[in-house]
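The values are calculated or read from the model by the stated rules, or taken from the named source; none is laboratory data. Predicted, not measured: the structure shown is a model, and the values here were computed from it. So basically every Cβ, Gly included, is an ideal-geometry build from the backbone, and we count neighbours across all protein chains shown. Note: accessible area is taken over every heavy atom of the protein model, side chains too, but ligands, DNA and RNA are not part of it. Shrake-Rupley method; radii C 1.70, N 1.55, O 1.52, S 1.80 Å.
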Amino acid sequence: MTFLSIIIPFKKGKRYLKDCLESIREQNLNDFEIILIVNGAVENIDDLISEFDNIIVKTYADEIGVGKARNESLEMASGEYVYFIDSDDYIYQDGLSKLVDCAKKTDADFINGQRIETYYIRNRFSEEFSVNNAKIMKNKYSDEEFSMHLIVGENDNLEVLSVLHALIKHDVIGDLKFDESKKYFADYPFMVELLGNIHSVIGVENAVYAKRISDDFINLPSLNQEIADDYIFKSIEEYKNAKNAIKSDLLKELMAQKMFKYYYYTFSKTNHMQPIEALDAFMEIADDFKGNPIQSFELNALKSKNKQKTIKLSKIRVTCNRLLNFIKHPQNIYHTLYHNIYNKRPINNKRIMFESFSGDFYSDSPKYIYEYLYKHYGDEFEYVWVINDKKTEIPGNPITTKRFSLKYHKLMATSKYWVVNTRQAGRLVKRPQQVLLSTWHGTPLKKLGFDMGNIYIQNPRTKESYIHDSSAWDYFISPNRFSTEIFRRAFAYGGEILETGYPRNDILFNADESKINQIKERLNLPDDKKVILYAPTWRDDDSYDIGKVKFKLKLDLEKLEKAISDEYIVLVRNHYLITDSDVDDYKHFAVDVSHYDDIAELYLITDVLITDYSSVFFDFANLRRPMLFYMYDLERYEEELRGFYIDIYNEVPGPILKTTEDVIDALNDLDNINEQYNERYDEFCEKYCSLEDGNATKRVVEKVWPL
Ligand code: C2G
């Protein structure tokens with residue numbers, strides 16, 4: 001007999017299943033089998049499965065549901081113990097092996113670990129996770145009590161009974177079956193009966209099961225993200241059934257506490273009592289709830305089924321919480337004013353707001369659209385620039401405002417047009433009469449939006465916010481046909497795309513000698529040196545807090561200086577997201593130009609570009625000057641961080657280099673490289689730059705502001 005059978009129903013989400021299986025492998029268990037029920041799946045997972053010897057796979061062409069999949073698995077399972085895990089979840093280090101050790105020592109019927117909900121992929125979860133977060137103070141409880149706490153869990157959701165994260169003795173399960181007719185809460189009746197059969201229960205501290213909240217609620221929603229209309233009603237119904245059947249008073253109390261917690265912190269707060277009929281359903285079970293003295297007024301109203309009073313008291317509570325929040329964060333005051341007052345004011349049909357890289361630069365396509373409008377339409381419009389540094393020089397004297405200031409909120413609410421080049425500020429909601437022109441900021445090389453696999457970046461909810469953004473766009477600029485298709489899919493955007501080329505690249509065709517000299521002078525660059533621009537992109541795994549991304553320079557400037565400083569100087573340009581970098585002025589050889597507003601101006605004075613996975617090379621290619629690709633971490637970037645849309649190895653118009661020495665050799669061999677990549681450069685420009693001709697801005701303006 002095998003000691004342990006691990007049961008996994010799988011429908012979709014291969015990348016999640018990969019995390020799941022790998023987390024099981026890393027438990028270093030012996031004497032176990034995995035039973036994988038492939039339940040109407042379309043993805044090919046043969047390569048994942050082939051890595052395991054002890055996996056039994058049963059495939060159903062059509063979806064059979066989780067209940068049936070688990071029942072089938074139970075019939076096949078030969079283990080003394082059974083462990084259920086969902087294919088989109090994973091186990092933290094030792095999360096299962098700790099349970100197995102405990103089972104071997106105690107022979108208990110039910111050994112429970114802890115569940116933590118997370119948006120993070122496994123690598124990131126393990127990096128972030130500190131054991132202290134996981135601690136439920138076991139000392140306060142007996143083993144049995146502790147295990148009950150673990151069954152119900154601490155999360156603020158409607159799930160009060162679950163078979164997950166426990167080792168269950170197979171004998172105790174006996175002939176018990178999951179109800180195959182239930183889509184949601186199928187665990188409840190199973191657990192209720194199971195708990196009736198169990199004699200010994202143990203909870204194990206810090207044996208963590210990571211319950212994944214999908215980072216892609218469109219393509220890979222988890223069951224509770226599907227949120228059917230009747231989800232709350234079903235949950236309350238199942239709760240009532242379970243409560244009547246369960247014997248343990250403690251478990252009943254914990255279940256009731258969890259239902260109350262959901263009512264108090266989610267339903268009445270986030271959902272604003274919607275649907276209102278659910279309030280009746282909560283009232284029916286309210287006698288089970290216990291609250292603290294502050295909660296007692298509202299709870300009494302709920303218990304006495306006084307609907308109006310309950311709603312009133314909850315509104316007062318929510319308003320008081322908001323007020324407290326206001327006092328702490330002035331941003332919230334601005335935000336409320338924005339929604340409740342400014343957004344009701346008339347719209348100024350002649351006002352246009354411009355924003356580039358969140359107000360950090362006067363640059364990119366918004367800059368060129370603004371300058372064109374100012375030149376051709378002059379005072380016909382009122383222009384506003386969102387700019388965080390007051391000292392930034394902007395021609396034409398537009399109104400300026402700092403991003404997220406009170407003035408910014410006022411202006412955003414009442415301007416007819418927004419011209420923005422990144423994702424817009426999440427909490428602002430465009431009014432129906434307003435027009436949003438999204439210029440975006442680059443030809444997609446690295447995977448974007450819904451095309452991204454695992455989200456490594458700090459905020460794993462990014463994908464959700466793409467929908468918020470793209471649903472507000474009225475126009476979206478695309479630099480070429482190749483990008484148009486990707487943008488539509490990656491941002492789930494069905495609106496108008498202006499396939500015009502990038503306004504920001506017009507200057508590459510139109511700048512004259514005096515403009516170039518002006519830029520050189522501004523940067524105080526010597527006349528006798530050629531210019532290298534090193535402009536790498538950011539790394540998703542180098543973000544260490546929201547909005548904070550560090551960059552470790554991997555180009556050895558000292559070596560570079562020794563080798564080429566007679567001929568060149570280097571401009572080092574950090575990506576705009578980098579807030580913490582070790583790039584400093586390196587003597588006279590390297591200049592940090594990260595704060596220079598407009599990278600297009602830097603392209604103009606550049607003789608050789610060195611970059612990596614940044615979209616800068618699609619723009620720079622318009623100048624037809626040499627490019628080197630310093631991709632020291634290519635495999636990791638491609639496989640783990642993002643993945644690419646183009647065939648990097650065969651499409652980029654220059655050599656891929658892995659070390660500073662390679663870069664030096666390439667710089668010393670530029671004539672040959674130019675010749676070698678000549679044809680590829682032509683093909684590249686044909687595919688990605690053919691719309692660029694110095695008139696993209698005109699095309700955009702004529703579309704959005706026709707005369
Ligand atoms: N950029 C810059 N300096 C760098 C890197 C980028 O000024 N060192 C600017 C360029 O205008 C570039 C834009 O920021 O085109 C976008 O940068 P990417 O490196 O391509 O990365 P990201 O911001 O993640 O955008 O569709 C494009 C993608 O969204 C990529």
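Based on this model, can you work out whether Thr606 counts as open to solvent by 30 Å² or more (accessible area, probe 1.4 Å) and at negative phi? Don't jump to the end; show me each part of the working.
Numbers: open to solvent by 30 Å² or more (accessible area, probe 1.4 Å): no; at negative phi: yes.
So Thr606 does not fit the description; no.
Condition (residue is assigned by TED's automatic domain parsing to the domain that holds Ser478, at pLDDT below 95 and away from the ligand (no atom under 16 Å from the Cβ)) applied to segment 352-360: is it met by at least one residue?
No; the residues of segment 352-360 include none that is assigned by TED's automatic domain parsing to the domain that holds Ser478, at pLDDT below 95 and away from the ligand (no atom under 16 Å from the Cβ).
Would it be correct to say that Ile467 is of a type outside the set (Phe, Trp, Tyr), in the same structural domain as Leu373 (by TED's automatic domain parsing) and open to solvent by less than 10 Å² (accessible area, probe 1.4 Å)?
Values: of a type outside the set (Phe, Trp, Tyr): yes; in the same structural domain as Leu373 (by TED's automatic domain parsing): yes; open to solvent by less than 10 Å² (accessible area, probe 1.4 Å): no.
Spelling it out, it is not the case that Ile467 is of a type outside the set (Phe, Trp, Tyr), in the same structural domain as Leu373 (by TED's automatic domain parsing) and open to solvent by less than 10 Å² (accessible area, probe 1.4 Å).
Look through segment 267-279, keep the residues that are modelled with pLDDT under 90 and under 28 Å from the mean Cα position of the chain (by Cα), and return whichever of them is surrounded by the fewest Cβ atoms within 10 Å (Cβ to Cβ).
For segment 267-279, the residue satisfying everything is Thr270.
Just name the residue that is farthest from the ligand (Cβ to nearest atom) out of those in segment 579-600 that are modelled with pLDDT of 95 or more and crowded, with 20+ Cβ neighbours inside 10 Å.
Among those residues, the one meeting the criterion is Asp597.
Run Tyr637 past the list (1) more than 26 Å from Ile387 (Cβ to Cβ); (2) open to solvent by 30 Å² or more (accessible area, probe 1.4 Å) and report the number of the one that doesn't hold.
For Tyr637, the exception is condition (2).
Among (1) at pLDDT 95 or above; (2) under 26 Å from the mean Cα position of the chain (by Cα); (3) of a type outside the set (D, E, K, R), where does Ala492 come up short?
(1)
Any residue at all in segment 562-578 that is more than 11 Å from the ligand (Cβ to nearest atom), touching a His at 6+ places or on another chain (Cβ under 8 Å), within 29 Å of Tyr368 (Cβ to Cβ) and open to solvent by less than 30 Å² (accessible area, probe 1.4 Å)? Let's see the steps before the verdict.
Just the residues of segment 562-578 that are more than 11 Å from the ligand (Cβ to nearest atom), to begin with: 562-570.
Narrowing further to those that are touching a His at 6+ places or on another chain (Cβ under 8 Å): 569.
Filter once more, so that each one left must be within 29 Å of Tyr368 (Cβ to Cβ): 569.
Restricting the remaining residues to those that are open to solvent by less than 30 Å² (accessible area, probe 1.4 Å) gives 569.
Yes, that holds for at least one residue.
Taking segment 614-656 only, how many residues are closer than 24 Å to Lys367 by Cα, outside any helix (DSSP H, G or I) and either within 12 Å of the ligand (Cβ to nearest atom) or in contact with a Lys or Arg (Cβ under 9 Å, 6 or more places away or on another chain) (or both)?
Summing the residues that are closer than 24 Å to Lys367 by Cα, outside any helix (DSSP H, G or I) and either within 12 Å of the ligand (Cβ to nearest atom) or in contact with a Lys or Arg (Cβ under 9 Å, 6 or more places away or on another chain) (or both) in segment 614-656 gives 2.
What pairs come out if I take residues in segment 355-376 that are open to solvent by 30 Å² or more (accessible area, probe 1.4 Å) and pair them with residues that are within 15 Å of the ligand (Cβ to nearest atom) and of a type in the set (Val, Ile, Thr) whose C-beta lies under 8 Å away, six or more apart or interchain?
So the pair list comes out as Ser358/Thr422.
With the structure loaded, tell me whether Lys12 is basic (Lys, Arg), surrounded by fewer than 20 Cβ atoms within 10 Å (Cβ to Cβ) and assigned to a strand (DSSP E or B) or whether it fails that test.
Numbers: basic (Lys, Arg): yes; surrounded by fewer than 20 Cβ atoms within 10 Å (Cβ to Cβ): yes; assigned to a strand (DSSP E or B): no.
For Lys12, the condition - basic (Lys, Arg), surrounded by fewer than 20 Cβ atoms within 10 Å (Cβ to Cβ) and assigned to a strand (DSSP E or B) - is not met.
Working only within segment 384-400, note down all residues that are touching a Leu at 6+ places or on another chain (Cβ under 9 Å) and surrounded by fewer than 23 Cβ atoms within 10 Å (Cβ to Cβ). Working first, answer last.
Narrowing segment 384-400 to residues touching a Leu at 6+ places or on another chain (Cβ under 9 Å): 384, 386, 399.
Once the filter is applied, which keeps residues that are touching a Leu at 6+ places or on another chain (Cβ under 9 Å) and surrounded by fewer than 23 Cβ atoms within 10 Å (Cβ to Cβ), segment 384-400 yields only Ile399.
How many residues are at pLDDT below 70 and of a type in the set (Val, Ile, Thr) if we restrict to segment 531-578?
First, pick out the residues of segment 531-578 that are at pLDDT below 70: 541-549.
Of the ones still in play, those that are also of a type in the set (Val, Ile, Thr) are 546, 549.
Looking only at that region, the number is 2.
Restricting to segment 474-526, name every residue that is open to solvent by 50 Å² or more (accessible area, probe 1.4 Å) and within 14 Å of the ligand (Cβ to nearest atom).
Answer for segment 474-526, where residues must be open to solvent by 50 Å² or more (accessible area, probe 1.4 Å) and within 14 Å of the ligand (Cβ to nearest atom): Glu485, Arg488, Arg489.
Among the candidates Glu75, Glu33, Glu80, single out the residue that is assigned by TED's automatic domain parsing to the domain that holds Pro189, closer than 28 Å to Gly203 by Cα, open to solvent by 70 Å² or more (accessible area, probe 1.4 Å) and not polar (S, T, N, Q). Lay out the reasoning, then the answer.
Values: Glu33 fails: open to solvent by 70 Å² or more (accessible area, probe 1.4 Å); Glu80 fails: open to solvent by 70 Å² or more (accessible area, probe 1.4 Å).
Just one listed residue meets the conditions, Glu75.
When you go through (1) open to solvent by 10 Å² or more (accessible area, probe 1.4 Å); (2) more than 14 Å from the ligand (Cβ to nearest atom); (3) in contact with a strand residue (DSSP E or B) (Cβ under 7 Å, 6 or more places away or on another chain) one by one for Leu437, which number turns out not to apply?
(1)
Return yes when Ser130 is assigned by TED's automatic domain parsing to the domain that holds Ala108, polar (S, T, N, Q) and at pLDDT 80 or above and no when it is not. Reasoning before the result, please.
Details: assigned by TED's automatic domain parsing to the domain that holds Ala108: yes; polar (S, T, N, Q): yes; at pLDDT 80 or above: no.
No.
Inspect all residues belonging to segment 46-65 and state whether any of them is charged (D, E, K, R) and surrounded by 21 or more Cβ atoms within 10 Å (Cβ to Cβ). Don't jump to the end; show me each part of the working.
Step one: filter segment 46-65 for residues charged (D, E, K, R), giving 46-47, 51, 53, 58, 62-63.
Those still in the list that are surrounded by 21 or more Cβ atoms within 10 Å (Cβ to Cβ) too: none.
There is no residue in segment 46-65 that is charged (D, E, K, R) and surrounded by 21 or more Cβ atoms within 10 Å (Cβ to Cβ).
Tell me, please, whether a residue that is part of a loop (DSSP other than H, G, I, E, B) and more than 18 Å from Leu17 (Cβ to Cβ) can be found in segment 80-91. Reasoning before the result, please.
First, the residues of segment 80-91 that are part of a loop (DSSP other than H, G, I, E, B): 85-89.
Within this subset, residues satisfying the condition of being more than 18 Å from Leu17 (Cβ to Cβ) are none.
Within segment 80-91 (the criterion being part of a loop (DSSP other than H, G, I, E, B) and more than 18 Å from Leu17 (Cβ to Cβ)), the answer is no, since none of the residues qualifies.
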